[in-house]
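The block underneath contains the structure these notes are about, expressed in structure tokens.
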Amino acid sequence: MKRLPIGYDNFEEIQKGENFYVDKTKFIKELLVNRGEVTLFTRPRRFGKTLAMSMLQSFFSLDADPLLFEGLEISREKELCEQYQGKYPVIFLSLKDVEGNNFEEAAAQLADFISGKCDKLSFLLNSEKVSRRDKGILEKLLFKKADHAELKASLSSLMKMLHDYFGKKVILLIDEYDVPLDKAYHSGYYDEMVRFLRIFLGKALKTNEDLEFAVLTGCLRVSLENIFTGLNNFKVDTISDTRFAEYFGFTDSEVKHLLADYQVSDAYSRVKEWYDGYRFGREGMYCPWDVLNYVDKLLDNPQAKPQSFWRNTSSNDIIRELLKIADKSVKGKIETLIEGGSVTASVSENLTYSELREDPGHLWSMMYLTGYLTLAKECENSSFVQLVIPNKEIRELFVDQIEKWLDRRGSV
């Protein structure tokens, strides 16, 4: 029986450690067939975004180990593997820990991450294929002596060096692109972070001759237009889209196979009641973080009751802030949702943070995009949709947390 990879989001570690893995490698083929030059995937937290990005890195990277994919679906695509597997320099950067009480602290955090990437690229300093100027930039970034202008251009600089050295364009993977924006918004330096990321990401993604293609992930599409202004090679896939729906989260059949493999199939109804109910495109999806954690509990105690594993895995600040400005009708709608009813609302997936406070109705959009609510059905001849609480875990969160937030701000 393979180990359950709880807390693992590194594809190589999962495969080499003989951990359980739900085969999502068909995503690679789908991405190559339907990608844009830059593709952004937005999904709620804990639905496997980082693991998917790590899988892409393991597949495309020049030092790829083909044994990691042995027996998986993508390995049957012989021509595709021959053409793409292990053929590209890859830069994989997660922005999930870029935060601080002010912009300078956040920028220093990012400089640390870039320095770590440069340490692995220090072989470029000994290459005649890399110009002296670029080597000077690499040394500054490596020893964290780069100024803000050089830090802003660091991604595009590293991509140029890799292209010069290997003679191959670079695949760029940026995980959790929106986390620095969220942290900056709540800490009061949002405009500074937007200006920084507009150059940091824009230089790497916009008309860059060193770019093969890029994939970004995040929870939200919020502020997309503020950062990627003028970027016309951009494709966005959200929870409303159908093409890649099954690759983030567990499908019902995948959950059934998981429970059977670990001989806990009798818990299926409990798992479904507590952790199913999300709708991505036309697919019904389970939260994989919850399912894996609950199966682990069942292996220790077959009578273990379901628990709420999702609620404390990241910040809920944006929802709490929107509840502070919500009108009094929200209290009744929250109670309707808890009782199993629905809320009819207009949902926008293309907001800016500055717009969030302008309309209390954006609360429903944010609850939908971040996983607190899911789509029940679309209203005919209207931009409105019906939203519901997806499962029992989130219903308990509404009772234990969201109602209390409303009560504290006096909106009874």
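Structural remarks
- In segment 295-314, the residues that are within 17 Å of GLY371 (Cβ to Cβ) and assigned to a helix (DSSP H, G or I): none
- Residue ID - surrounded by the most Cβ atoms within 10 Å (Cβ to Cβ), chosen from residues in segment 111-152 that are in a loop (DSSP other than H, G, I, E, B) and among the hydrophobic types (A, V, I, L, M, F, W, C): ALA146
- All told, GLY86 meets the bar of being in a loop (DSSP other than H, G, I, E, B), at pLDDT 95 or above and farther than 18 Å from GLU246 by Cα.
- Screening LYS333 with (1) in a helix (DSSP H, G or I); (2) touching a residue at least 24 places away in the same chain (Cβ under 8 Å); (3) not aromatic (Phe, Trp, Tyr) gives one miss only, at (2).
- Scanning segment 255-293 for residues that are in contact with a helix residue (DSSP H, G or I) (Cβ under 9 Å, 6 or more places away or on another chain) and of a type in the set (Asp, Glu) returns ASP266, GLU273, ASP276, GLU283, ASP290.
- Selection from segment 7-24 of residues that are under 17 Å from the mean Cα position of the chain (by Cα) and either surrounded by fewer than 21 Cβ atoms within 10 Å (Cβ to Cβ) or closer than 21 Å to ASP252 by Cα (or both): GLY7, TYR8, ASP9, ASN10, LYS24
- Scan of segment 171-205 for residues that are more than 18 Å from the chain's Cα centre (by Cα) and acidic (Asp, Glu), ordered by number: ASP191, GLU192
- Look at (1) out of contact with any helix residue (DSSP H, G or I) (no Cβ under 6 Å at 6 or more places or on another chain); (2) modelled with pLDDT of 90 or more and you find that MET193 fails only one, number (1).
- Selection within segment 196-240: residues that are of a type in the set (Phe, Trp, Tyr) and at pLDDT 90 or above. The member of this set that is surrounded by the most Cβ atoms within 10 Å (Cβ to Cβ) is PHE200.
- Residue that is touching a Gly at 6+ places or on another chain (Cβ under 9 Å), buried (at least 16 other Cβ atoms within 10 Å of the Cβ) and of a type in the set (A, V, I, L, M, F, W, C), where the choices are ALA64, ALA108: ALA64
A quick yes/no check of all residues on (1) modelled with pLDDT under 75; (2) surrounded by fewer than 20 Cβ atoms within 10 Å (Cβ to Cβ); (3) under 21 Å from THR217 (Cα atoms):
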{"position": "PHE309", "(1), (2), (3)": "no, no, no"}
{"position": "ASN316", "(1), (2), (3)": "yes, yes, yes"}
{"position": "ILE325", "(1), (2), (3)": "no, yes, no"}
{"position": "LYS328", "(1), (2), (3)": "no, yes, no"}
{"position": "SER346", "(1), (2), (3)": "no, yes, no"}
{"position": "THR352", "(1), (2), (3)": "yes, yes, yes"}
{"position": "ALA376", "(1), (2), (3)": "no, yes, no"}
{"position": "GLN386", "(1), (2), (3)": "no, yes, no"}
{"position": "VAL399", "(1), (2), (3)": "no, yes, no"}
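- Whichever residue in segment 34-66 is without any contact (Cβ under 8 Å) to a residue 40 or more places away in the chain and part of a helix (DSSP H, G or I) and, among such residues, is nearest to ASN208 (Cα to Cα): PHE59
For (1) part of a loop (DSSP other than H, G, I, E, B); (2) touching a helix residue (DSSP H, G or I) at 6+ places or on another chain (Cβ under 7 Å); (3) within 19 Å of TYR286 (Cβ to Cβ), each residue gets a yes or a no:
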{"position": "ASN350", "(1), (2), (3)": "yes, yes, no"}
{"position": "TYR368", "(1), (2), (3)": "no, no, yes"}
{"position": "GLU380", "(1), (2), (3)": "yes, no, no"}
{"position": "LEU387", "(1), (2), (3)": "no, yes, yes"}
{"position": "ASP400", "(1), (2), (3)": "no, no, no"}
{"position": "LEU406", "(1), (2), (3)": "no, yes, no"}
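- Reported count of residues in segment 281-294, each being touching a residue at least 60 places away in the same chain (Cβ under 8 Å) and not in a loop (DSSP other than H, G, I, E, B), is 6.
The values are calculated or read from the model by the stated rules, or taken from the named source; none is laboratory data. Everything numeric here is computed off the predicted structure, so don't read it as measured data. Using ideal geometry, Cβ is built from the backbone for each residue, glycine included, and neighbour counts are taken over all protein chains shown.
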